[in-house]
Amino acid sequence: MGQRVRLAVRDRGPCLPAGSQLTGHPSLGLQLVTSLTRQLRGKASARSDGGAVFEVEVPLE
């Protein structure tokens, strides 16, 4: 696998609701993140870990 860069943003606020998905989310911000990540051939994810955690990983090439 080639080199990749990962950006993670986390907070200590409320956790994400169970079953939350990034695709099809009504939030304009999350729609932009998933669309741009897809265009860059990357992947985006969200999970709960003592708060909300959002990660984007894209190839450097």
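Data for the structure
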| item | result |
| --- | --- |
| Hey, residue 42 small (Gly, Ala, Ser) and modelled with pLDDT of 95 or more or not | yes |
| Selection count where residues are farther than 22 Å from residue 5 by Cα and of a type in the set (A, V, I, L, M), scope the stretch 15-57 | 3 |
| Breaking point among (1) on the phi > 0 side of the Ramachandran plot; (2) of a type outside the set (Val, Ile, Thr); (3) surrounded by 13 or more Cβ atoms within 10 Å (Cβ to Cβ), for residue 7 | (1) |
| Unmet criterion (only one of (1) modelled with pLDDT under 90; (2) surrounded by 10 or more Cβ atoms within 10 Å (Cβ to Cβ); (3) not aromatic (Phe, Trp, Tyr)) for residue 18 | (2) |
| Positions within the stretch 16-44 being assigned to a loop (DSSP other than H, G, I, E, B) and of a type outside the set (A, V, I, L, M, F, W, C), in sequence order | 17, 19, 20, 21, 23, 24, 25, 26, 27, 41, 42 |
| Residue count for the stretch 45-61, restricted to those that are exposed (fewer than 12 other Cβ atoms within 10 Å of the Cβ) and either in contact with a Gly (Cβ under 6 Å, 6 or more places away or on another chain) or closer than 18 Å to residue 13 by Cβ (or both) | 3 |
| Selection status of residue 13, in a loop (DSSP other than H, G, I, E, B), modelled with pLDDT under 90 and at positive phi | no |
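The values are calculated or read from the model by the stated rules, or taken from the named source; none is laboratory data. Being a predicted model, the structure only gives us computed values, none of them experimental. Quick reminder, even Gly has a Cβ in these numbers, built from the backbone with ideal geometry, and neighbours come from all protein chains shown.
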